[in-house]
Amino acid sequence: MANELVGWIGILAGFLSGAALGLGFRSEDWLGGYASWPRRLLRLGHIALVALGALNLLVAHSLQRLTFDDAGRVLASGCFIFGGLAMPTACFLAAWRKGLYPAFFPAVAALITGAVVMLLGAWRSLAP
C-alpha cells in the first residue's frame, strides 16, 4: 500500500534531516538562534516528516480494517500521502522564505480532509 511506503520514506527522511540539522545545533546563533523563524520551521519540518510518516503507517493499517467505499478509501489515502509530503515541504519552504507560509494551507486542508474521512470510516465500522 502506498501509505506504508510513504510512511517509511517520511520516517527515514525525518531521521536523516534531523541528523543533518543536528550538525549545526551546537552553535547558539545558528540560523539566527533557537527561537528564530528559520530554525523553528526546520525543526517543525523534520518532526513533520517523522510524525506524518508514522501517521501514514497508521492510515495504511486502518484502511484495511475500517469500512469505506472505494472513493473514501482513495480519498483518505491520497489526502494523507499528499499531507505527509506537503507539510514538511511547506515547513522547509517557509524556513527558506517567510513569504511562502501559504504553502501550509493545502497541506493542512488535505490532512483535515483525510482525518474526517478516516473518522467516517471508523464510525461506519461501528454499525452492526
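Quick notes
- Each of Gly14, Asn3, Val116 was scored by the projection of its Cα onto the charge dipole of the chain, and the greatest displacement toward the positive side belongs to Gly14; charges sit on the C-beta of Lys, Arg, Asp and Glu.
- Burial order of peptide ranges 100-109, 119-128, 52-61, 34-43 (average beta-carbon count within 10 Å, highest first): 52-61, 34-43, 100-109, 119-128
- In region 1-74, inverting the average of 1/r over every pair of distinct C-alpha atoms gives 13.9 Å as the Kirkwood radius.
- Calculated FRET value between Ala71 and Trp37, using beta carbons and R₀ = 41 Å, to 0.05: 0.55
- Reciprocal of mean inverse Cα separation for the chain (Kirkwood radius, Å): 15.4 Å
- Dipole magnitude of region 2-123 about its Cα centre (Cβ charges: Lys, Arg +1; Asp, Glu -1), debye to nearest 20: 320 debye
- Computed from backbone phi, the HN-Hα couplings of region 87-96 come to 5, x, 4, 4, 4, 5, 5, 5, 5, 6 Hz, rounded to whole numbers (Karplus: 6.51 cos²θ - 1.76 cosθ + 1.60, θ = phi - 60°; Gly and Pro given as x).
- Over the residues of the chain, the helix contribution to mean residue ellipticity at 222 nm works out to -27500 deg cm²/dmol, using -39500 (n - 2.57) for each DSSP H run of at least 4.
- Each part gets one Cα centre, and for region 89-105 versus region 10-78 those centres are 15 Å apart.
- Nitroxide proxy distance, nm - points 7 Å out along Cα→Cβ at Arg97 and Val116: 3.1 nm
Any read-out appearing in this document is the output of simple, stated calculations on the displayed coordinates, not a laboratory observation. This structure is a prediction, so every number in the text was calculated from the model and none was measured. Because the Cβ atoms are built from the backbone with ideal geometry, glycine has one as well, and the counts that use them run over all protein chains shown.
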